[in-house]
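J.: Below you will find the structure I want to go over with you.
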Amino acid sequence: MKKNEYNPIGIESQLDWPRIRKLLLIGLFAGCMVFIGDWILGYGVKDPTLTGLEGKLSTYTGKTDSTYFWSALLGLFGIVLEGLSYFGIYRLMAEKSPAHAHKLRTGIIGYIAFGACGVHVPCIMIAWLYNYLMQKAPALAYECSLKFAKYFFLPSTILFLIFCVYLIAVQILAFAKGMTPYPKWCWIFNIGFGMVVTMAVATPFRGYHWGNALAAAWISVGNIWQFAGLLIMMKKVKK
């Protein structure tokens with residue numbers, strides 16, 4: 001391999017619109033899966049007598065074990081599918097800029113590696129643990145949940161955020177520089193932009209069930225925004 005060449009990992013750099021469309025559709029479907037899982041977990045209001053992390057955890061209490069199970073399962077499969085679908089975006093920039101595609105691939109790997117098993121599932125585990133201990137041993141509920149979060153949830157979350165921010169930055173730069181067939185302004189169709197808008201809408205309504213549910217689903221909404229936007233624009237781009 002020459003110095004300026006990049007390993008395509010079996011993916012051709014030429015535009016293959018049918019495959020790109022298929023991957024984006026899978027990503028949209030996966031985003032909806034994760035959204036449902038996040039929504040059913042986040043749908044609730046916090047205990048007004050509690051503050052900080054304990055108050056946030058109280059939002060996720062009072063749910064059945066099946067709710068925690070389905071929330072974890074939908075996110076587990078959905079986030080992995082989302083990550084794999086990012087290779088459709090990889091294809092969009094691989095022809096004009098293999099360097100950007102290569103960097104995006106690094107972010108994709110981190111998203112897949114830490115998103116589902118490192119962040120989503122442990123997050124559900126903390127919610128379930130706190131809910132269970134509040135019923136069996138209330139005095140230990142917060143302390144035990146906090147320790148679990150520090151030892152097992154926090155490290156993987158930090159790694160996920162690093163890769164996710166890198167993924168977003170590379171994608172924005174590639175689109176804004178015209179390294180894809182899409183117009184430069186289509187950089188707005190990325191997970192980061194969708195997440196910011198979602199939190200801006202949800203934050204003023206955190207006192208309502210739906211506001212908390214929307215805030216819990218901010219990453220999945222970001223993915224839905226991204227894949228849906230790219231799919232809608234695809235017909236115009238192809239013409």
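J.: Find which of Leu50, Phe69, His120 sits farthest along the positive direction of the dipole of the chain, computed with +1 on the beta-carbon of Lys and Arg, -1 on that of Asp and Glu, about the Cα centre.
T.: His120
J.: Let me ask something additional. Ignoring ligands, DNA and RNA, what accessible area per residue does the chain give at 1.4 Å, in Å²?
T.: Ligands and nucleic acids excluded, the result is 52 Å² per residue.
J.: Then there's this: Just want to confirm a number: the relative contact order over the chain, from Cα pairs under 8 angstrom separated by 6+ residues, in percent.
T.: 27
J.: Kirkwood hydrodynamic radius of the chain from all distinct Cα pairs, in Å?
T.: 18.8
J.: Would you kindly state how much longer the chain becomes between Lys63 and Arg206 on full extension, computed as 0.36 nm times their sequence separation minus their alpha carbon distance, in nm to one decimal?
T.: Additional length available on full extension: 49.6 nm.
J.: Just subtract the alpha-carbon distance of Glu54 and Lys147 from 0.36 nm times their residue separation and send over the number in nm, one decimal.
T.: Fully extending the segment from Glu54 to Lys147 adds 32.2 nm.
J.: At a threshold of 8 angstrom on Cα-Cα distance, excluding pairs fewer than six apart, so keeping six or more, what relative contact order does segment 194-239 reach in percent?
T.: Relative contact order, segment 194-239: 39 percent.
J.: Right, next: Place +1 on the Cβ of every Lys and Arg and -1 on the Cβ of every Asp and Glu in the chain, take the dipole about the Cα centre, and give the residue among Phe148, Thr203, Ile219 whose Cα lies farthest towards its positive end.
T.: So the residue furthest toward the plus end is Ile219.
J.: Pop a pseudo-label 7 angstrom from the Cα along the beta-carbon direction at both Leu161 and Ala139 and give the gap in nm to one decimal.
T.: So the two model labels end up 3.4 nm from each other.
J.: Which order do the peptides 39-45, 135-141 come out in when sorted by mean C-beta neighbours inside 10 angstrom, highest first?
T.: Averaged packing, sorted descending, gives the order 39-45, 135-141.
J.: Roll a 1.4 angstrom probe over the protein heavy atoms and tell me the percent of accessible area of the chain that is carbon or sulfur.
T.: Carbon-and-sulfur percentage of accessible area, whole number: 69.
J.: Using 0.36 nm times the number of residues separating Lys235 and Thr106, minus their current alpha carbon distance, what extension gain do you get?
T.: 43.6 nm
J.: At 1.4 Å probe size, what's the solvent-accessible area of Phe148? Round to the nearest 10 Å².
T.: 40
J.: Report the charge-dipole magnitude of segment 1-140 in Debye, nearest 20, computed about the Cα centre from +1 at each Lys and Arg Cβ and -1 at each Asp and Glu Cβ.
T.: Here segment 1-140 has a charge dipole of around 360 debye.
J.: A further question follows. Quick check on the chain: helices-only [θ] at 222 nm, where DSSP H runs of length 4 and up contribute -39,500 (n - 2.57) each and the sum goes over total residues. Nearest 500, please. Don't skip to the answer; put the middle values down first.
T.: Numbers: 10 runs with 171 residues, N = 239.
Mean residue ellipticity, 222 nm, calculated: -24000 deg cm²/dmol.
J.: A further question follows. If Ile36, Ile172 are ordered by their accessible area, calculated over protein heavy atoms with a 1.4 Å probe, which sequence runs from highest to lowest?
T.: Values: Ile36 90, Ile172 50 Å².
So the residues, ranked largest to smallest area, are Ile36, Ile172.
J.: Distance cut-off 32 Å, Cα to Cα: go down the list Lys22/Lys177; Lys103/Lys235; Lys46/Lys150; Lys22/Lys56 and report the pairs above it.
T.: Table pairs above 32 Å Cα-Cα are Lys22/Lys56.
J.: Once you keep just the Cα pairs under 8 angstrom separated by 6 or more residues, what percentage relative contact order results for segment 99-239?
T.: Rounded, it is 22 percent for segment 99-239.
J.: So, one more: What ranking do 163-169, 205-211, 217-223 get when scored by the average of other Cβ atoms within 10 Å per residue, highest first?
T.: Descending packing order for the listed peptides: 217-223, 163-169, 205-211.
J.: Okay, moving on. If the elastic network links every pair of Cα atoms under 10 Å, which of Thr49, Thr67, Thr203 fluctuates the most in the Gaussian network model of the chain?
T.: Top of the fluctuation ranking is Thr49.
J.: Assigning unit charges at the beta carbon (Lys, Arg +1; Asp, Glu -1) and nothing else, what dipole magnitude in debye, to the nearest 20, does segment 93-239 show about its Cα centre?
T.: My answer is approximately 540 debye.
The values are calculated or read from the model by the stated rules, or taken from the named source; none is laboratory data. Predicted model, so just to flag it, every value in this text is computed and none were measured. Every residue, glycine as well, gets a Cβ built from its backbone with ideal geometry; the counts of neighbours run over all protein chains shown. Accessible surface is based on the protein model in full, side chains and every heavy atom, while ligands, DNA and RNA are left aside. Shrake-Rupley method; radii C 1.70, N 1.55, O 1.52, S 1.80 Å.
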